[in-house]
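The values are calculated or read from the model by the stated rules, or taken from the named source; none is laboratory data. Because the structure is a prediction, the values reported are computed rather than measured. Because the Cβ atoms are built from the backbone with ideal geometry, glycine has one as well, and the counts that use them run over all protein chains shown. Surface accessibility is based on the protein's heavy atoms, side chains included, excluding ligands, DNA and RNA. Shrake-Rupley method; radii C 1.70, N 1.55, O 1.52, S 1.80 Å.
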Amino acid sequence: MKSIIRFGSLLLIGASGLFFSGCVTEPSALTGEKTSFGYTWSQELELGRSADGDIVSEMGLYQDEEIAAYVVEIGERVLAESSLRRDDTPEIYSSLDFEFRVLDSPIVNAFALPGGYVYVTRGLLAHLNNEAQLAVVLGHEITHVAGRHASKQALKQQWGQIGLTAGAVIGAEIADKPELANQFMELGGGLFQLLSLKYGRDAERESDLFGVEYAGRAGYSVGEAAAFFDSLSRLSDRSGQQIPSWMSSHPDPGERSQTILQFGREQASSGVVGIVEQSRYYDMVNGMAVGVDPRQGFTEGNVFYHPALGFSFAVPSGWVLQNEANSVMMADEGRKALMAFSFSSASSPESAAHAFASELQGVEVSRSSQRINGLEAFVVELEVPKEEAPMMVHYTCVAYRDQVYSFMGYCSSADYESYRLSFGSIGNSFEQVKDSAILNRQPVLLSIGPARRTAKFSELLPDSLPDGLDALSLAIMNQLNLDTVVERGQLLKLPAE
């Protein structure tokens, strides 16, 4: 299912039982000095290994081997110049292998897990203009790992909001009720077993500093990254907040842009001519999917369609939706009710409902075998005791094409009568998609080519743009303003016609 802007702000940690339990003292990879951490290094390695599979499962990898290999190549080049690969690197870090992955998400995001897992999204790659910018981003994330910022933050016990899905913390639209999100994670079993941890400003500044150093030592023109941070600032402004909640721990993007420019000036003053490498970078991302990939699910007219899997279901008016690789999350306008749509490993709807009810250990209110649009289905309603207030869960399972799907809706028991009809109508709307226009929907691809004439950027855009892409979003993607005069022959990233 798979289907806002994040950059290094979120560290996602698998809830594998290895939580903060005390203070440990080990050498720092950045300074070599003894430093206090919330986890041992071996615990961090296990946290990363455990959560990596969840990240990949939830968000999905972008299926382009050439782009994947390219990101690994640049990541390893920057890593080779990091504090983890020097002669005096403490022994516990020197053999650490990194995994650099490209996630199939339109969200502009890069983040790292403990133990050497670094992720960039195709959404982020679309917003970079050259290899030097990518190198600085990767250097930033490498520093989060090398600096063990998750372990330091855990030591301070400054936990962020509970995340609802394994690939990314669900958007602020849904997660602005953290107490509800917390309960939802408890209900969701393995699907919701990650915590979000926001780094502090000092950690982010340290990652900026060392990330730029590493990229510069690898030969890149680090000042190029300033334009990307300007893009982050513009994306932030478009979100409706000067500094969105997920960036609250970050330095202001404008401040970071100026800092990066200063690093670039210092590099230039030393006589170093850094690598930019726009041509090769553009060759790599040319033809990449941009925006939401409709084959993995899209919403249109209050209906969620999944062409690749061939089904659809209704989304109540006013509800917000977030689509991930293995789940779809929905919340009502008042954020009092949440629903998760996902796969079940059970062999039938009845067995799926029985297993869920047994695991939840709630009080069963009703259960019934049904047919939903000709498909075998089973519905169970449960009341779950909670310290704060009892909750009601509405669980619908549907069998379709040798797969069982589940809708799990919940709210407080006091609100249940207000949402019972909505929970039921969502599940009852599940049906096969037969419309060929829906089934054959294809993603928009990035097309990089020279401007045919000298003109303002806004004047060089196609007469009509695909859904989800407007003139300003394309200007930001190109790190230009709408009124920027583009010279004839300058390369532009535009949707393929």
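Regarding segment 255-380, what are the three Cα extents along the principal axes, ordered largest first, in Å?
Principal-axis extents of segment 255-380 (Cα, largest first): 75, 32, 30 Å.
Starting from the amide H of SER348, placed 1.01 Å from N in the peptide plane, find each other amide H under 5 Å away whose residue is 5 or more places distant or on another chain.
When sequence neighbours closer than 5 places are left aside, there are no close amide H contacts.
Please turn the phi angles of segment 218-228 into ³J(HN,Hα) values with the Karplus equation 6.51 cos²θ - 1.76 cosθ + 1.60 (θ = phi - 60°), one per residue in order, whole Hz, x for glycine and proline.
Taking θ as phi minus 60°, the curve returns 7, x, 8, 7, 5, x, 4, 5, 4, 5, 5 Hz for segment 218-228.
Whose amide H sits under 5 Å from the amide H of TYR220, counting only residues 5 or more places off or on another chain, with H placed in the peptide plane?
ILE275
Stick to Cα atoms and the Kirkwood definition of Rh, then tell me Rg/Rh for segment 319-377.
Values: Rg = 13.7 Å, Rh = 13.6 Å.
Result for segment 319-377 is an Rg/Rh of 1.01.
Roll a 1.4 Å probe over the protein chains and send me the accessible area per residue for segment 378-478 in Å².
About 49 Å² of surface per residue is accessible.
Can you order the peptides 115-127, 303-315 by their average number of other Cβ atoms within 10 Å per residue, highest first?
Values: 115-127: 23.8, 303-315: 19.7.
Answer by packing, highest mean first, reads 115-127, 303-315.
List every residue whose amide H lies under 5 Å from the amide H of GLN490, counting only residues 5 or more places away in sequence or on a different chain, with H placed 1.01 Å from N in the peptide plane.
Close amide H contacts, sequence-distant or interchain: ALA451.
Between ALA80 and ASN440, what is the label-point separation in nm under the 7 Å Cα-to-beta-carbon projection?
4.8 nm
Under 13 Å Cα-Cα from LYS336, which aspartates and glutamates qualify once same-chain neighbours fewer than 8 residues away are excluded?
Result set, ordered by chain and number: GLU173, ASP176, GLU179, ASP415, GLU417.
May I ask you to give the average projected area over all directions of the convex hull of the Cα atoms of segment 345-448, in nm² rounded to one decimal? Don't jump to the answer; show the numbers that get you there.
Numbers: hull surface 40.0 nm².
Orientation-averaged projected area of the Cα hull: 10.0 nm².
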